[in-house]
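Colleague: One structure coming up, written as structure tokens, with questions to follow.
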Amino acid sequence: MTLSEHLNEEGQSSVFIKHLSDPIGTLKRGGDIKNKETYNKRGRSFSKIGKYKQAIEDYNMALAIDSNYAIVYNNKGIVYEQIGKYKDAIDCYNKSIKKDSLDPRFYFNRGVSYLYLDQPISAIDDFDLAIQKNSREPIFYLNRGMAYFILNRLKFACEDWEKASKLGSNEAKVYLKEKCQNNDLNLVEM
């Protein structure tokens, strides 16, 4: 499954919200209070409507049921990232990776947090790991290209944006047009 497919699948939690006027009522409407997935789903729903404190509380409940639930650490990291707590997000992604080192999303998300913390070299390292695990995901190349761009390594940035574009990223096409055309890339390579 590609990250895009996963995000579309995860996006279904917005449908979950539309069917429930109150996501808090999820457990009252048949959700199992001992089911870690119930808390995870409700946490995602809270996150999507901007109720980050409640999302974190539900993720903590899911982790109290199963402390090895890697995706919940990831989801909790996303919430921390959304509220600007990038170091806390990285801590969560580290736990995700410790529990499941095969999922490229965890490395990608940690890389994004490193970009927010102005640590593009660490971000590139994580994007490299994500790409090693899934070389068909355009967003991995797009963001690694951004990290290279921050480091003024335009040739590498443009190569990544070209790859992302070939994999279907429209955003990468914009970067290619705006940043890579009419540049002598041989002068920029480090």
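Colleague: Yes or no: residue 45 more than 25 Å from residue 146 (Cβ to Cβ), buried (at least 20 other Cβ atoms within 10 Å of the Cβ), touching a helix residue (DSSP H, G or I) at 6+ places or on another chain (Cβ under 6 Å) and not aliphatic (A, V, I, L, M)? Before the answer, list the steps.
Modeller: Values: more than 25 Å from residue 146 (Cβ to Cβ): yes; buried (at least 20 other Cβ atoms within 10 Å of the Cβ): yes; touching a helix residue (DSSP H, G or I) at 6+ places or on another chain (Cβ under 6 Å): yes; not aliphatic (A, V, I, L, M): yes.
Answer is yes for this residue.
Colleague: Can residue 141 be described as closer than 30 Å to residue 53 by Cα and assigned to a helix (DSSP H, G or I)?
Modeller: On the way: closer than 30 Å to residue 53 by Cα: no; assigned to a helix (DSSP H, G or I): yes.
No: the conditions fail for residue 141.
Colleague: So, one more: Would you point out the residue of the stretch 76-117, among those that are of a type outside the set (A, V, I, L, M) and not in a helix (DSSP H, G or I), that is surrounded by the fewest Cβ atoms within 10 Å (Cβ to Cβ)? Give the derivation first.
Modeller: If we filter the stretch 76-117 for residues that are of a type outside the set (A, V, I, L, M), which is where we start, we get 76-77, 80-82, 84-88, 91-96, 98-101, 103-111, 113-114, 116.
Pick out the ones that are also not in a helix (DSSP H, G or I) and you get 84-85, 100-101, 103.
Numbers: 84: 9, 85: 17, 100: 16, 101: 12, 103: 20.
For the stretch 76-117, the residue satisfying everything is 84.
This table checks each residue for (1) more than 22 Å from residue 78 (Cβ to Cβ); (2) modelled with pLDDT of 95 or more.
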site: 133; (1), (2): no, yes
site: 158; (1), (2): yes, yes
site: 182; (1), (2): yes, no
site: 188; (1), (2): yes, no
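Colleague: To continue, here is another question. Determine whether residue 106 is over 21 Å from residue 59 (Cβ atoms) and aromatic (Phe, Trp, Tyr).
Modeller: Numbers: over 21 Å from residue 59 (Cβ atoms): no; aromatic (Phe, Trp, Tyr): yes.
No, not satisfied.
Colleague: If you don't mind, another one. Going through the stretch 46-75 one residue at a time, which ones are in a helix (DSSP H, G or I) and among the polar types (S, T, N, Q)?
Modeller: Here is the first cut: in the stretch 46-75, the ones in a helix (DSSP H, G or I) are 46-48, 52-65, 70-75.
Across the stretch 46-75, the qualifying residues are 47, 54, 60, 74, 75.
Colleague: Also: On the basis of being in a helix (DSSP H, G or I), within 23 Å of residue 173 (Cβ to Cβ), more than 11 Å from the chain's Cα centre (by Cα) and among the hydrophobic types (A, V, I, L, M, F, W, C), does residue 121 make the cut? Before you say what the answer is, go through the steps one by one.
Modeller: Working: in a helix (DSSP H, G or I): yes; within 23 Å of residue 173 (Cβ to Cβ): no; more than 11 Å from the chain's Cα centre (by Cα): yes; among the hydrophobic types (A, V, I, L, M, F, W, C): yes.
No, not satisfied.
Colleague: Can you tell me which residue among 57, 5 is at pLDDT below 95 and either surrounded by fewer than 17 Cβ atoms within 10 Å (Cβ to Cβ) or of a type in the set (A, V, I, L, M) (or both)? Spell out how you get there, then give the answer.
Modeller: Working: 57 fails: at pLDDT below 95.
Matching residue, one of 57, 5: 5.
Colleague: I'd like to know if the stretch 106-116 contains one or more residues that are among the β-branched types (Val, Ile, Thr) and over 15 Å from the mean Cα position of the chain (by Cα).
Modeller: no
The values are calculated or read from the model by the stated rules, or taken from the named source; none is laboratory data. The shown structure was predicted, so the numbers you read here are calculated from the model rather than taken from an experiment. All Cβ positions, glycine included, derive from the backbone under ideal geometry; neighbour counts span all protein chains shown.
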